[in-house]
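Please read the structure below before turning to the comments.
The values are calculated or read from the model by the stated rules, or taken from the named source; none is laboratory data. Please read all numbers here as calculations on a predicted model, not as lab measurements. As a convention, Cβ positions derive from the backbone with ideal geometry for all residues, glycine included, and neighbour counts pool all protein chains shown. SASA here: full protein model, heavy atoms, side chains in, ligands and nucleic acids out. Shrake-Rupley method; radii C 1.70, N 1.55, O 1.52, S 1.80 Å.
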Amino acid sequence: MAAAAPAPSRKTETYTDTKRRDDVRGANIAAARAVADAVRTSLGPRGMDKMICSGDQEVIITNDGATIVSRMALVQPAARMLAELSRSQDAAAGDGTTTVVVLAGSLLRRAQSLLSAGAHPTAAADALHRLSTRAVEILHGMAIPIELSDRESLVKSASTALNSKVVSQYSTLLSPLAVDAALSVVDPAHPDLLDLRDIRIVKKLGGTVDDTELVRGLIFDKKASHAAGGPTRMENAKIAVIQFQISPPKTDIEQSVIVSDYAQMDRILREERNYILGMVKKIRAAGCNVLLIQKSILRDAVTELSLHYLAKAKILVVKDVERDEIEFITKTLNCLPIANIEHFRTDKLGYADLVEEVSVGEGKVVKITGIKDMGRTATVLVRGSNQLVIDEAERSLHDALCVIRCLVSKRFMIAGGGAPEIEMSMQLAAWAKELQGMESYCIKEFADALEVIPYTLAENAGLNPISIVTELRNRHARGEKNTGINVRKGQITNILEENVVQPLLVSTSAITLACECVRMILKIDDIVTVR
């Protein structure tokens, strides 16, 4: 190459070795692309599923991009950035986690060809930033506004999210269920907010996914206490959520009390009985007949003796309620948690028509229905023939709920089936011709990279990707902007008529996050390891 300059004054011609920087960048791009290629086959309704086996013999079958990438044991830092990218998309939109990784992989491939052609990484990164801003504008131009009262449109977009999942054959059941659950927790005071923590998913083995149901009330994945023949069904229930223990008190410090004669021992037992009986009487006096007891760490929340007295007082007991469920339970029942027996008053109780223990599959659950002044929450009971199906059904339901959350916060829909990507690619390529210099080249390259989504959709469906993408371009050039790949029929149709729709937020967040991640990888020119 160029030798050192003959005259020391002309510094502009000195040769600088950029091999190390190029190697680091190349290694980062190669690692990130390897991750993208691994999940690429699971994109779309005909995508393959992955079986993930962990060291402790746990097996997961899924094609949810976020789950696959988060379970990979990645060592290379750039590859880990793609895992975090998928997690960000999951947090921002909930769906499109595979799309965002595949997009980033394709953009990196084009970036590498630009760099090897002599483009500067900063020029490529800046072009990418402009491209993402313009792409979002194009998507907004394609979007169709919707109203939350239009339940049918919401069900369509939820079933599009479910179509690519393992449980896609149940999308006709799960989509309306997800829509009803989501709409029941939207607060009219904050119509553009949907908190998914207000929807609780309870998993129970047995039956099939068809038996999944939305419960207007509460479900506890545990039995009612059967000690001493306590009740397992209670009508006109007055429910208390308690955070104290109905058991004899313990000393604050570890110490032992030595009892030398029977009279003293008898007195201790009598005191214990009176103490517990006093508590049960106070609970009964407040009119409470259903008791939900929080799990205790320091000592037993209930003893055999206290359960015996509670059963005698005809109080239904559900024990070992998890600490993190308390907030959800009190919000649903519209009651207050009681931290001390002295604060046990009628105004802190919740009211329901019926609390009963019902058999579900092999086990039993406690169901609370007909709650008075019920808070804005929903409970979904997910069923399945084995744990793998139940877990995947839960993940799919979460994705469907996230799609509805996107539509609640940004009420626009967009066609699916690779239509928005082809439209963006065409319009960005046309825009690139109006620009000058290096930026024009970079944007043209990156615009072509967006075609990876329809290409992969066609490839995974077993169609001829080249002819499909060419035909798609042709149809979009004629102005048919909602034309996409109909995977079921194996041809190109108007995707809106086929009800394949997705929220605008999924597409906009995918393109902005992918561009941001690729820009970050491009700007890294060295890896410094520190101890």
*asked:* Can you say whether Thr493 is open to solvent by 10 Å² or more (accessible area, probe 1.4 Å) and in a helix (DSSP H, G or I), as far as the supplied structure shows?
replied: no
*Leu115 fails exactly one of the following numbered conditions: (1) out of contact with any Pro (no Cβ under 9 Å at 6 or more places or on another chain); (2) modelled with pLDDT of 90 or more; (3) not polar (S, T, N, Q). What is the number of that condition?*
(1)
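Against the condition farther than 22 Å from Pro503 by Cβ, among the hydroxyl-bearing types (Ser, Thr, Tyr) and open to solvent by less than 50 Å² (accessible area, probe 1.4 Å), how does Ser42 come out, does it pass?
For Ser42, the condition - farther than 22 Å from Pro503 by Cβ, among the hydroxyl-bearing types (Ser, Thr, Tyr) and open to solvent by less than 50 Å² (accessible area, probe 1.4 Å) - is not met.
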*The lone exception for Gly484 - which of (1) over 19 Å from Thr133 (Cβ atoms); (2) in contact (Cβ under 8 Å) with a residue 40 or more places away in the chain; (3) in a helix (DSSP H, G or I); (4) among the small types (Gly, Ala, Ser) it fails*: (3)
*Would you point out which residue out of Glu423, Glu392 is in contact with a strand residue (DSSP E or B) (Cβ under 8 Å, 6 or more places away or on another chain) and part of a helix (DSSP H, G or I)?*
Glu392
*Can you run down the residue pairs with Cβ atoms below 6 Å, 6 or more apart or on separate chains, where the first is in segment 444-466 and assigned to a helix (DSSP H, G or I) and the partner is at pLDDT below 90 and open to solvent by 20 Å² or more (accessible area, probe 1.4 Å)?*
Asn460/Arg46
*Determine whether Gly375 is in contact (Cβ under 8 Å) with a residue 40 or more places away in the chain, at positive phi, outside any helix (DSSP H, G or I) and not aliphatic (A, V, I, L, M).*
no
*Just for strands (runs of 3 or more DSSP E) wholly inside segment 169-278: which have at least 1 residues that are at positive phi, assigned by the TED database to the domain that holds Lys314 and open to solvent by 50 Å² or more (accessible area, probe 1.4 Å)?*
233-242
*asked:* Which condition from (1) of a type in the set (S, T, N, Q); (2) closer than 30 Å to Pro121 by Cα; (3) crowded, with 16+ Cβ neighbours inside 10 Å is the one that Thr483 breaks?
replied: (2)
*If a residue has to be without any contact (Cβ under 8 Å) to a residue 24 or more places away in the chain and touching a strand residue (DSSP E or B) at 6+ places or on another chain (Cβ under 6 Å) to count, how many in segment 139-191 make the cut?*
0
*Of residues in segment 42-68 being in contact with a Lys or Arg (Cβ under 8 Å, 6 or more places away or on another chain) and of a type outside the set (S, T, N, Q), the one nearest to Gly418 (Cα to Cα)*: Pro45
*Which condition does Leu407 not pass, out of (1) more than 30 Å from Glu213 (Cβ to Cβ); (2) crowded, with 22+ Cβ neighbours inside 10 Å; (3) modelled with pLDDT under 90, if it passes all the others?*
(1)
*If we keep just the residues of segment 301-350 that are aliphatic (A, V, I, L, M) and open to solvent by 40 Å² or more (accessible area, probe 1.4 Å), which is nearest to the chain's Cα centre (by Cα)?*
Leu336
_Hits in segment 487-504 (condition: of a type in the set (Asp, Glu) and touching a residue at least 24 places away in the same chain (Cβ under 8 Å))_ = Glu498
*Scanning segment 369-394 for residues that are in contact with a helix residue (DSSP H, G or I) (Cβ under 6 Å, 6 or more places away or on another chain) and among the charged types (D, E, K, R), which turns out nearest to Leu336 (Cα to Cα)?*
Arg376
_Of everything in segment 170-197, what is modelled with pLDDT under 90 and among the charged types (D, E, K, R)? Give them in sequence order._
Asp187, Asp192, Asp195, Arg197
*Give Leu397, Leu354 a once-over and let me know the one that is at pLDDT 90 or above, open to solvent by 10 Å² or more (accessible area, probe 1.4 Å), among the aliphatic types (A, V, I, L, M) and not assigned by the TED database to the domain that holds Asn474.*
Leu354
*asked:* Show the residue pairs meeting these rules: Cβ distance below 9 Å; 6+ apart or different chains; first residue within segment 397-415 and within 24 Å of Val487 (Cα to Cα) and touching a residue at least 24 places away in the same chain (Cβ under 8 Å); second residue among the basic types (Lys, Arg) and surrounded by fewer than 24 Cβ atoms within 10 Å (Cβ to Cβ).
replied: Met413/Lys156; Ala415/Lys481
